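Enquirer: Take this structure first; my questions come after.
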Amino acid sequence: MPSAFSMLRKLLKYKLADNSSEEKQAGCRGDAIRQEDSPLLEKRLDLIRKRLGESKDIVIREFSSNNNQVKLAILYVDGLVDRRLINDHIIRPIQSDFVVKNFSHRLAEKNALQLLKKHITSISEVAEAANLTQAIRMMFSGDTALLINGEEKILVYSTRAWDRRAVTEPETEPAVRGSREGFTETLRTNTALLRRRIRHENLRLESMKAGRRTGTDVVLAYINDIVNPLTLEEVRRRIAAIDTDSILESGYIEEFIEDVPFSIFPQLERTERSDKAAAAVLDGRILIMVDNTPHVLIVPTSFFQFIQASEDYYERPYIAVVLRLLRLFVLNIALMLPAVYVAIITFHQEMLPTSLLLSIAAAREGVPFPAVAEALLMEAIFEVLREAGVRLPKTVGQAVSIVGGLVIGDASIRAGLVSPSMVIVVAVTAISTFALPAFNASIALRILRFPLIMLAGMMGLYGVIFGLVIILIHLAGLQSFGVPYLSPLAHGSVSDMLKTFARPFWWMTRRRADELGLQNMKRQAGNMGPRKTPFAKRELTHDNTEEHDAGKR
Amino acid sequence: MKRRNCILAALLACSLIFTSGCWDQVEIEDLAIVRAIAIDYLPGRRAPYLVTLAIKRPAAMGQQEGGGGGEQVVFYAGVGASIALAIEQAATHIPRRIFLTHNDLVIVGEQLAKHGLLPVLDFVVRNPDMRLSAFLLIAKGTGQELLHTAERLEGSITEEIHGLIDQAEDAAETQPVPIFRFLRKITTPGEEAYTVVIQASPLPKDKLPAANGEGAQAGEGGGNGGGGAKQEKSLALAGMAVFRSDRLAGILNHSEARGKLWLAGMTTRGIMAVDDPVHPEETVTLSLTRSQTKITPSVQAGRISFRVEVEAEGDLISQSSQADLSTAEMIEKLNSAKAGAIKVEMEKALQKMRQLETDVVGFGAILKRREPKIFREVADRWPEIFVEVPVEILVKANIRRTGLQAKPAQPLSTAK
C-alpha cells in the first residue's frame with residue numbers, strides 16, 4: 001500500500017515537472033518564434049495591423065525624415081503616452097533640421113538607428129527591441145515604438161503617462177502617527193515611494209512579468225546585503241513559475257506562491273502603507289509589488305505580524321506592549337467568545353458566578369432557540385450586515401446600519417427572539433474583529449468562529465478546546481517561505497520572542513530578527529543608548545554642543 | 001497519501017462529533033437553580049429526612065421594570081429515607097432540572113444536627129454537583145421554617161442569608177464555616193467542628209419597649225426574648241454551634257463565641273465595651289483591628305498544660321464620659337481593662353467547651369503538632385483529658401488610636 005502511494009506520488013511529480021518545463025518554453029519563447037517579422041516598413045505595418053486589429057486607441061503614424069531618405073513610423077497606445085513628448089522630442093527633431101542641427105540631413109537607412117538614438121531624439125529612456133513582438137509588448141506599457149524602414153531593431157521610447165490616482169492616505173490601514181502616503185495602483189509611483197524612504201544603493205527593485213495576457217509587472221524589492229539569498233531565490237522561482245493568463249491583483253500572486261494553498265490563514269502579509277513596506281524591507285523581508293494594486297505583499301510572514309501595527313514603532317514603546325497584548329486578547333475574543341459563551345451556558349453553567357447565571361437565565365427566559373442556534377443566527381446576521389455595509393454606497397450605508405443595528409438588534413430583543421446577553425456577545429466579538437490591524441487575518445477568525453460555535457453547542461468547552469487544538473496544530477504546521485508561521489514564539493531566540501509582544505526602544509534594537517536567516521544582522525551601533533550632556537555643558541552654544549557630541553561618538 | 005489520510009482523519013473527527021451528540025446539553029433556562037437546601041430530621045418516621053429546596057426564579061428578576069414578577073424564590077420540599085430520596089420526591093414537582101452547583105447554603109435543622117450530620121456530609125461530598133465551599137448553617141428550630149422567613153432588605157431570603165454570612169466575616173462574633181472546613185475538622189484528631197447558628201428573631205422594632213438604648217452593639221444577646229404575636233421576624237447569626245464528632249453538642253452565645261474565636265486566633269474585627277477608668281459607671285467602646293493568638297502546649301512530668309497568649313490591637317471609638325482618656329496613663333488603664341474583658345470572654349468560652357466536652361479550638365491538634373508522641377498516648381481519651389487540662393490565658397491589649405479626636409468635646413456649660 002505505501003509503496004503504491006509513493007509510486008503514484010513519484011509519477012505525479014514527474015508529470016508535474018514535465019508539464020512545467022514544457023509550458024515554460026511555450027510561454028517564454030513560443031510566441032516570439034511563431035510570429036512573423038520583417039525589417040521592411042510596409043510589410044511590418046501590415047503585420048502590425050493584422051496582429052492588433054482595428055483597435056482605435058492604437059496610433060500608427062508614418063512619416064519621413066527631413067531629407068526624405070528614411071521612412072519611419074511611430075506606434076503608440078493613445079491614453080498611455082504623453083503625446084506632447086512624442087511630438088516635440090521624437091517627430092519634430094526628425095522632420096525638421098532646426099531642432100537638432102547637422103544631423104537629420106545625414107540620415108540614411110544604414111545609420112538611422114544609431115543616429116536617431118544618439119543624436120536626434122531627445123527622450124531620456126530609450127531601448128532597442130529586438131523584434132516586433134517585444135516592441136508591441138512594450139508599447140502596451142505606454143512606450144512608443146519607432147520603426148525604421150530596413151532596420152530589424154525597433155527603438156522604444158519611454159513616454160508613459162496616464163491618469164493616475166494621487167498618493168492618498170491608506171484607507172484600509174489608517175494610523176494616527178506615521179506617514180500618510182499609501183501605495184497607489186501605479187507601480188512606478190509605489191517604487192518611488194519606497195526609494196524615497198530607503199536611499200541606499202543596495203535597495204534592489206527587481207522586475208518580473210506575470211500573467212500572459214495581462215502582462216503585469218511585478219517588482220521584487222529587497223536590500224541586497226540584508227536579504228536571505230535563499231528566500232529571494234525561492235520567491236523568484238515561484239513567481240517565475242506562475243503561468244496564468246491574468247494577474248489583476250496581488251491576491252492572485254499570493255495564492256500562486258503561498259506555501260499551504262488550502263489554509264484558511266493568510267501566509268503573506270499585505271500592506272498599503274509605504275512606511276510599513278519600507279520597514280519590512282529593512283527588516284530583511286522581500287516586497288512583492290504588483291502593478292495595478294495598491295497592496296504590496298511581504299514575505300516571509302509570521303502570524304504575529306498580524307497583531308503588529310506600524311504605529312507601534314512610532315509611539316512610546318510602553319503603549320506598544322499594552323496594545324499588542326490587547327490585540328492578542330482581542331484576537332482570542334474574536335475567535336472564540338461566542339463559542340465559549342455557548343459552551344458555558346449550555347454545558348457548564350456551574351462556571352458562571354451565580355448572579356451572572358441568574359441574569360443570563362432571566363434574559364434567556366422565553367427565547368425560542370437553543371443558545372447554539374441563537375449564536376449562529378446572530379453571527380450570521382452580523383456578517384450579512386457587515387457585508388451589506390461594505391458593498392453599499394456610503395449614502396445608503398447609514399440606512400443599513402440603522403435598520404441593522406437599531407431595528408434588528410432592538411426589535412429582536414423586544415420580540416424575545418434573541419437574548420440581550422447574546423447580542424452583547426456578538427457585538428463584542430464584532431468589535432474585536434475590527435480591532436485587529438490586519439484585515440486578512442481577521443477573515444480567518446471570522447470564518448473559524450462558526451465551526452467553533454457548532455463544536456461548542458455539541459460538546460461544550462471540550463469541543464471548543466478540540467477545535468482550538470486543531471487550529472493550533474494547523475498553525476504550527478504552516479510556514480511562509482521557510483519561516484515557521486508561529487515563529488518566533490514556536491521556535492526562536494528569547495529576544496525575538498520578547499519582541500513579538502514588546503517592542504524595544506529603538507536605541508536598543510540592535511539586531512534584526514534571527515528567524516529570517518539574514519546576511520546582515522546588525523541594525524545599528526551598540527552604544528546608542530540615550531546619552532546625557534553633562535548639565536554644565538548644556539549652556540554651551542549650539543555649535544559647541546554639536547562638536548562635543550561628535551567627539552564623544 | 002498524506003492528504004488522503006488527512007481527509008480520513010478529518011471525517012472520523014467529524015463523525016465523532018456528530019455521533020456522540022449532545023447528551024448533557026441543557027439550556028440555561030431549563031435549570032432550576034437551587035440557592036439553598038434546608039435539611040431537617042423528623043424523628044420517629046420511616047422517611048425522616050425533610051429536604052427543602054429554595055429555587056431562584058430568574059423570570060422574577062427580569063420583570064423588575066414590569067411590576068411585580070412574583071416571588072424570587074420558590075420552595076419545594078420532599079421527604080425520604082435519605083437526602084437523595086427526599087430531593088427525588090421534591091423533583092417530581094419541579095418542572096425543570098434541579099441544578100445544585102450554585103447552591104452554597106446548606107441549612108441543617110437543630111434536630112438533624114443533634115441526630116448527626118454524617119448523612120448530610122456524605123451526600124454533599126459524593127454528589128459532584130454540590131460544592132464543598134457551600135456554607136453549613138445550623139438553624140434554631142427547623143431549616144424549613146427558617147427558609148420561610150420573609151426577606152427584608154435583599155430580594156430573597158437566600159440572598160439575605162448570604163449577606164449575613166458576608167457581614168459575619170467582618171464582625172468576628174461568630175464564624176460561618178464552609179463544608180470542606182467542617183469536614184476537615186471532624187476528621188482531624190484532637191479537634192472538634194463548629195459552625196454558625198442562624199435564627200429567626202423578632203424585629204428590632206419589637207425590641208424597642210425593652211429599651212436598653214444602643215448597648216446592643218457590644219455583642220450581647222442576639223435578642224432571644226420571645227417576640228410578640230407579630231409574625232414578622234428577621235434572621236440573625238446567633239452564636240456558634242459546637243459539635244462532638246458529627247453531633248451537635250451545644251450552642252455558644254455571642255460572647256462565648258467570640259471567646260472561642262480569641263482562643264483560636266480568628267478575631268479580626270469587632271467592637272467591645274469596657275468601663276470608663278475615671279467614671280466606672282460610664283462606658284468606653286473600643287474597636288478591634290488586629291489580633292494575634294499563640295497557643296503553646298507544654299508537658300511537664302506527664303502533665304499537659306496550655307498557654308494562650310493574645311495580643312489585641314484596636315482603637316478607642318467612643319466614650320460616654322468627658323474625661324480625657326488620651327493620656328498615656330489612661331490608655332494604659334484602658335489597655336488592662338480591655339485585656340481583662342477579653343480574658344473573661346475567653347474563660348467563659350473555655351468553660352462552656354469543657355462543660356460540653358468538645359475541643360472546638362483544637363488544643364489536641366496543636367498538641368499533636370508539637371508533641372506527637374505525647375498526643376498519641378492520650379489520643380483516645382482526649383475529650384476527657386481536655387476537660388481537665390489547665391489553660392493559662394495571657395492577654396495583652398493595645399490601643400493605637402483615639403479616632404479623629406483625642407479629648408472629647410467639652411461643652412462650656414457643663415465643664416468641670
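Enquirer: Please specify each residue of region B:41-88 satisfying the condition of being of a type in the set (A, V, I, L, M), assigned to a helix (DSSP H, G or I), open to solvent by less than 30 Å² (accessible area, probe 1.4 Å) and modelled with pLDDT of 80 or more. Write out each step before concluding.
Expert: We begin by selecting, within region B:41-88, every residue of a type in the set (A, V, I, L, M); these are B:42, B:47, B:50-51, B:53-55, B:59-61, B:73-74, B:77, B:79, B:81, B:83-87.
Checking the rest, the ones that are also assigned to a helix (DSSP H, G or I) come to B:59-61, B:83-87.
Filter again for open to solvent by less than 30 Å² (accessible area, probe 1.4 Å), leaving B:59-60, B:83, B:86-87.
Result: B:83, B:86, B:87.
Enquirer: Let me ask another. Here are some conditions: (1) assigned to a loop (DSSP other than H, G, I, E, B); (2) away from chain B (no Cβ under 14 Å); (3) over 24 Å from the mean Cα position of the chain (by Cα). Residue A:367 meets all but one. Which one does it not meet?
Expert: Only one criterion in (1) assigned to a loop (DSSP other than H, G, I, E, B); (2) away from chain B (no Cβ under 14 Å); (3) over 24 Å from the mean Cα position of the chain (by Cα) is unmet by residue A:367, namely (2).
Enquirer: From the list A:327, A:270, exactly one residue is open to solvent by 10 Å² or more (accessible area, probe 1.4 Å) and more than 16 Å from the chain's Cα centre (by Cα). Which is it? Can you show your working first?
Expert: Numbers: A:270 fails: more than 16 Å from the chain's Cα centre (by Cα).
So the residue among A:327, A:270 that is open to solvent by 10 Å² or more (accessible area, probe 1.4 Å) and more than 16 Å from the chain's Cα centre (by Cα) is A:327.
Enquirer: Follow-up question, since we're still on this one. Write out, first by first residue and then by second, each pair whose Cβ atoms fall under 9 Å of each other, whose residues are 6+ apart or on separate chains, and whose first residue, in region B:372-384, is among the basic types (Lys, Arg) while the second is in a helix (DSSP H, G or I) and surrounded by 10 or more Cβ atoms within 10 Å (Cβ to Cβ).
Expert: B:376/B:368
Enquirer: Let me ask something else. Filter region A:371-382 for residues that are facing chain B (nearest Cβ under 9 Å) and either within 17 Å of residue A:420 (Cβ to Cβ) or open to solvent by less than 10 Å² (accessible area, probe 1.4 Å) (or both) and give the result. So that I can check it myself, show each step before the final result.
Expert: Here is the first cut: in region A:371-382, the residues facing chain B (nearest Cβ under 9 Å) are A:371-372.
Residue satisfying the conditions is A:371 alone.
Enquirer: Scan region A:181-195 residue by residue and report those that are open to solvent by 60 Å² or more (accessible area, probe 1.4 Å) and in contact (Cβ under 8 Å) with a residue 12 or more places away in the chain.
Expert: A:185, A:188, listed by residue number.
Enquirer: Okay, moving on. Anything in region A:392-413 that is among the aliphatic types (A, V, I, L, M) and open to solvent by less than 70 Å² (accessible area, probe 1.4 Å)? List them, or say none. Write out each step before concluding.
Expert: Initial filter on region A:392-413 (among the aliphatic types (A, V, I, L, M)): A:392, A:396, A:399-400, A:402-403, A:406-408, A:411, A:413.
Answer for region A:392-413, where residues must be among the aliphatic types (A, V, I, L, M) and open to solvent by less than 70 Å² (accessible area, probe 1.4 Å): A:392, A:396, A:399, A:400, A:408, A:411, A:413.
Enquirer: Kindly indicate the residue of region A:427-440 that is open to solvent by less than 40 Å² (accessible area, probe 1.4 Å) and outside any helix (DSSP H, G or I) and also modelled with the highest pLDDT among those meeting that condition. Walk me through how you get there before you give the answer.
Expert: Just the residues of region A:427-440 that are open to solvent by less than 40 Å² (accessible area, probe 1.4 Å), to begin with: A:429-430, A:432-433, A:436, A:438, A:440.
Going one step further and asking which of them are outside any helix (DSSP H, G or I), we end up with A:436, A:438.
Working: A:436: 87, A:438: 84.
Filtering first and then ranking leaves A:436.
Enquirer: Shifting gears a bit: Among the residues in region B:114-136, are any on the phi > 0 side of the Ramachandran plot, in contact with a Lys or Arg (Cβ under 8 Å, 6 or more places away or on another chain) and assigned by TED's automatic domain parsing to the domain that holds residue B:43? Full working, then the answer.
Expert: Going through region B:114-136, the residues on the phi > 0 side of the Ramachandran plot turn out to be B:116.
Narrowing further to those that are in contact with a Lys or Arg (Cβ under 8 Å, 6 or more places away or on another chain): B:116.
So of that shortlist, the ones also assigned by TED's automatic domain parsing to the domain that holds residue B:43 come out as B:116.
Looking for residues that are on the phi > 0 side of the Ramachandran plot, in contact with a Lys or Arg (Cβ under 8 Å, 6 or more places away or on another chain) and assigned by TED's automatic domain parsing to the domain that holds residue B:43, one finds at least one in region B:114-136, hence yes.
Enquirer: Moving to a separate point now. Would you point out which residue out of B:397, B:409 is at pLDDT 90 or above and on the phi < 0 side of the Ramachandran plot? Show your work before the answer.
Expert: Details: B:409 fails: at pLDDT 90 or above.
Result of the check over B:397, B:409: B:397.
Enquirer: Which residues, counting only those in region A:355-372, are under 13 Å from residue B:102 (Cβ atoms) and β-branched (Val, Ile, Thr)?
Expert: The one that is under 13 Å from residue B:102 (Cβ atoms) and β-branched (Val, Ile, Thr): A:360.
Enquirer: State whether one or more residues within region A:154-173 are touching a helix residue (DSSP H, G or I) at 6+ places or on another chain (Cβ under 7 Å), within 30 Å of residue A:308 (Cβ to Cβ) and crowded, with 16+ Cβ neighbours inside 10 Å.
Expert: Kept after step one, since they are touching a helix residue (DSSP H, G or I) at 6+ places or on another chain (Cβ under 7 Å), are these residues of region A:154-173: A:154-157, A:159, A:164, A:167, A:172.
Checking the rest, the ones that are also within 30 Å of residue A:308 (Cβ to Cβ) come to A:167, A:172.
After this cut, where a residue has to be crowded, with 16+ Cβ neighbours inside 10 Å as well, the list is A:167.
Checking region A:154-173: at least one residue is touching a helix residue (DSSP H, G or I) at 6+ places or on another chain (Cβ under 7 Å), within 30 Å of residue A:308 (Cβ to Cβ) and crowded, with 16+ Cβ neighbours inside 10 Å.
Enquirer: Would you mention how many residues in region B:111-162 are assigned to a strand (DSSP E or B) and away from chain A (no Cβ under 14 Å)? Steps first, answer last, please.
Expert: The initial filter retains those residues of region B:111-162 that are assigned to a strand (DSSP E or B), namely B:135-139.
Still in the running and away from chain A (no Cβ under 14 Å): B:136-139.
Qualifying residue count, region B:111-162: 4.
Residues are listed down the side, and each one gets a yes or a no for (1) within 14 Å of chain B (Cβ to nearest Cβ); (2) part of a helix (DSSP H, G or I); (3) closer than 30 Å to residue A:363 by Cβ:
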site: A:425; (1), (2), (3): yes, yes, yes
site: A:453; (1), (2), (3): yes, yes, yes
site: A:458; (1), (2), (3): yes, yes, yes
site: A:466; (1), (2), (3): yes, yes, yes
site: A:476; (1), (2), (3): no, yes, no
site: A:486; (1), (2), (3): no, no, no
site: A:518; (1), (2), (3): no, no, no
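Enquirer: Let me ask something additional. Regarding residue A:343, is this residue in a helix (DSSP H, G or I), out of contact with any Asp or Glu (no Cβ under 7 Å at 6 or more places or on another chain), crowded, with 20+ Cβ neighbours inside 10 Å and on the phi < 0 side of the Ramachandran plot? Lay out the reasoning, then the answer.
Expert: On the way: in a helix (DSSP H, G or I): yes; out of contact with any Asp or Glu (no Cβ under 7 Å at 6 or more places or on another chain): yes; crowded, with 20+ Cβ neighbours inside 10 Å: yes; on the phi < 0 side of the Ramachandran plot: yes.
Against the criterion (in a helix (DSSP H, G or I), out of contact with any Asp or Glu (no Cβ under 7 Å at 6 or more places or on another chain), crowded, with 20+ Cβ neighbours inside 10 Å and on the phi < 0 side of the Ramachandran plot), residue A:343 qualifies.
Enquirer: Need the failing condition index for residue A:259 against (1) in contact with an Asp or Glu (Cβ under 8 Å, 6 or more places away or on another chain); (2) assigned by TED's automatic domain parsing to the domain that holds residue A:214, just the number.
Expert: In the conditions (1) in contact with an Asp or Glu (Cβ under 8 Å, 6 or more places away or on another chain); (2) assigned by TED's automatic domain parsing to the domain that holds residue A:214, residue A:259 misses (1) alone.
Enquirer: Taking the conditions exactly as written (of a type outside the set (Lys, Arg), crowded, with 17+ Cβ neighbours inside 10 Å and farther than 30 Å from residue A:320 by Cβ), does residue A:210 satisfy them or not?
Expert: Values: of a type outside the set (Lys, Arg): yes; crowded, with 17+ Cβ neighbours inside 10 Å: yes; farther than 30 Å from residue A:320 by Cβ: yes.
Considered against the rule, which asks whether it is of a type outside the set (Lys, Arg), crowded, with 17+ Cβ neighbours inside 10 Å and farther than 30 Å from residue A:320 by Cβ, residue A:210 comes out as yes.
Enquirer: Need at least 3 residues that are farther than 30 Å from residue B:358 by Cα per element, so show me which strands (runs of 3 or more DSSP E) inside region B:255-344 make the cut, counting only ones lying wholly within it.
Expert: Details: elements: B:270-275, B:283-288, B:290-300, B:303-319.
Hits in region B:255-344: B:283-288, B:303-319.
Enquirer: Starting from region A:340-363, take each residue that is in contact (Cβ under 8 Å) with a residue 60 or more places away in the chain and list its partners that are hydroxyl-bearing (Ser, Thr, Tyr), counting only C-beta distances under 7 angstrom and pairs at least six apart or across chains.
Expert: These pairs meet every condition: A:360/A:421.
Enquirer: From A:449, A:391, grab the single residue that is closer than 25 Å to residue A:323 by Cβ and under 31 Å from the mean Cα position of the chain (by Cα). Walk me through it before giving the result.
Expert: On the way: A:391 fails: closer than 25 Å to residue A:323 by Cβ.
So the residue among A:449, A:391 that is closer than 25 Å to residue A:323 by Cβ and under 31 Å from the mean Cα position of the chain (by Cα) is A:449.
Enquirer: Which ones in region A:300-324 are of a type in the set (Gly, Ala, Ser) and either touching a helix residue (DSSP H, G or I) at 6+ places or on another chain (Cβ under 6 Å) or surrounded by fewer than 19 Cβ atoms within 10 Å (Cβ to Cβ) (or both)?
Expert: The first filter runs over region A:300-324 and keeps only residues of a type in the set (Gly, Ala, Ser), leaving A:302, A:309-310, A:320.
Hits for region A:300-324 are A:310, A:320.
Enquirer: Continuing with the same structure: Does region A:230-251 hold any residues that are assigned to a helix (DSSP H, G or I) and either outside the structural domain of residue A:283 (by TED's automatic domain parsing) or closer than 22 Å to residue A:437 by Cα (or both), and which are they?
Expert: A:250, A:251
The values are calculated or read from the model by the stated rules, or taken from the named source; none is laboratory data. The structure displayed is predicted, hence computed values, not measured ones. FYI the Cβ positions are ideal-geometry reconstructions off the backbone, even for glycines, and counts take in every protein chain you see. Just the protein is used for accessible areas: all its heavy atoms, side chains included, with ligands, DNA and RNA removed. Shrake-Rupley method; radii C 1.70, N 1.55, O 1.52, S 1.80 Å.
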